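Trainee: Please read through the structure below; I'll follow up with questions.
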Amino acid sequence: MPPLQDEPEKESPPPKGKKLTRRKFIKYSALAGGAAVTAGAVDALAIEPHGFVVTRHDFSLPNLGAAWDGATIAQITDVHVGRWSDFDDARRIVEMTNDLKPDIVALTGDYVSRADAITSALVEVFRDLHAKEKFAVLGNHDYWTNAPGVVASLESAGIGLLTNRHVLLRRGGDVLCLAGVNDVWSRDPRPDAKAALKGVPDDVPRIVLCHNPDYAEVTPPGVRIDLMLCGHTHGGQVRLPLIGPLILPIQYRKYAEGWVQGPQCPVFISRGLGMVQIPIRFNCRPELPLITLRKA
Ligand SMILES: [Fe+2]
């Protein structure tokens, strides 16, 4: 009578390297599953949360003048100092940003998660950003924490606030418009791209900072935006195989992360640098995007 497949190996040794018994298969599968869960847990808790990566992107901006061709924008968003991120994280982010030598630093909100993070230390961290042009908008957590305190910190650090307004940046004879709108969940004032871009000449390229990418879906018709830079989503923070992003506080899920074409303009959504709700990132590294502008 032939031996059963799950009989002990000593009684029926399979040819070496050719046959795997069912018992061994189950044992190895359990070991592999356990190892994968352990590796995933280590990654999610200890490696990814503070494993900041620089992501590089090229973007062809319509009407960009030659003087701005090759200019770079570093985007800092969703640092969330105060709960799962601390000032050491913020300092590392600023050092990484300075190493990139960006022409512009665009800050797109959610700098703090707790009021006790709004101190002179926050100002000192922001003040160490070395770019010539530094502009910011606020995020929902800044409002929920202490918006006046965040605004005072940014301004003390020499960072301009773009709440429904714009600046015209000049290089040689070429002009670039950098604008910002208030957060979608804020009522005072409501986000207003029309007001933000009022008076910008038609031939000037326009980049708009906006914390929450949902605004791309409700931008007033007729308002031309050439590129919108957003954060807020954290890329989902935890992205499970077959399930996708776990935490996605937006109405329009297509704006989870990366480059998305909105109804009126291209949108880039950074995965951000901090965490909310749980101190975990999985399959969703915190990112520091560096966008190089190209003449279209
Ligand atoms: Fe956030």
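Only the coordinates and a few stated rules stand behind these numbers; no lab work does. Treat the numbers as computed from the prediction; the structure is a model and nothing was measured. Note that we place each Cβ from the backbone using ideal geometry, even for glycine, and neighbour counts take in every protein chain shown.
Trainee: Over segment 53-295, what is the relative contact order in percent, taking alpha-carbon pairs closer than 8 angstrom and at least six residues apart? Let's see the in-between values first.
Mentor: On the way: 610 pairs, mean separation 64.8, N = 243.
With pairs under 8 Å counted, the relative contact order is 27 percent.
Trainee: For T119, T219, what's the fewest-to-most ordering of other Cβ within 10 Å of each Cβ?
Mentor: Values: T119 15, T219 23.
Final ranking by Cβ density, sparse to dense: T119, T219.
Trainee: Roughly how many nanometres apart are two label points built 7 Å out from the Cα toward the Cβ at T55 and F87?
Mentor: For T55 paired with F87, the spin-label model returns 3.0 nm.
Trainee: Where nothing but the Cβ of Lys and Arg (+1) and of Asp and Glu (-1) is charged, how large is the charge dipole of segment 53-295 around its Cα centre, in debye to the nearest 20?
Mentor: The dipole magnitude comes to about 360 debye.
Trainee: By how many nm would the segment from K254 to L100 lengthen if fully extended, with 0.36 nm per residue of separation less the alpha-carbon distance?
Mentor: Using 0.36 nm per residue and subtracting the Cα-Cα distance, I get 52.5 nm.
Trainee: For the charge dipole of the chain, defined by +1 on Lys and Arg C-beta atoms and -1 on Asp and Glu C-beta atoms about the Cα centroid, which residue among V267, S85, L129 has the Cα displaced farthest towards the positive pole?
Mentor: Most positive-ward Cα: V267.
Trainee: Another question, if that's okay. What does the helix-only formula give at 222 nm for the chain: each DSSP H stretch with n ≥ 4 adding -39500 (n - 2.57), the total divided by the residues, and the result rounded to the nearest 500 deg cm²/dmol? Mind showing how you got there, number by number?
Mentor: Values: 6 runs with 68 residues, N = 296.
One gets -7000 deg cm²/dmol as the mean residue ellipticity at 222 nm.
Trainee: For the residue pair T292 and W144, what label-to-label distance in nm results when each label sits 7 Å from Cα along the Cα-to-beta-carbon direction?
Mentor: Calculated label separation equals 3.8 nm.
Trainee: Under the 0.36 nm per residue contour assumption, what length would be gained going from the current alpha-carbon distance of L45 and D116 to full extension?
Mentor: In short, 23.1 nm is gained.
Trainee: Taking the highest mean first, how do the peptides 179-190, 71-82, 150-161, 130-141 order by number of other beta carbon atoms within 10 angstrom per residue?
Mentor: Averaged packing, sorted descending, gives the order 71-82, 130-141, 179-190, 150-161.
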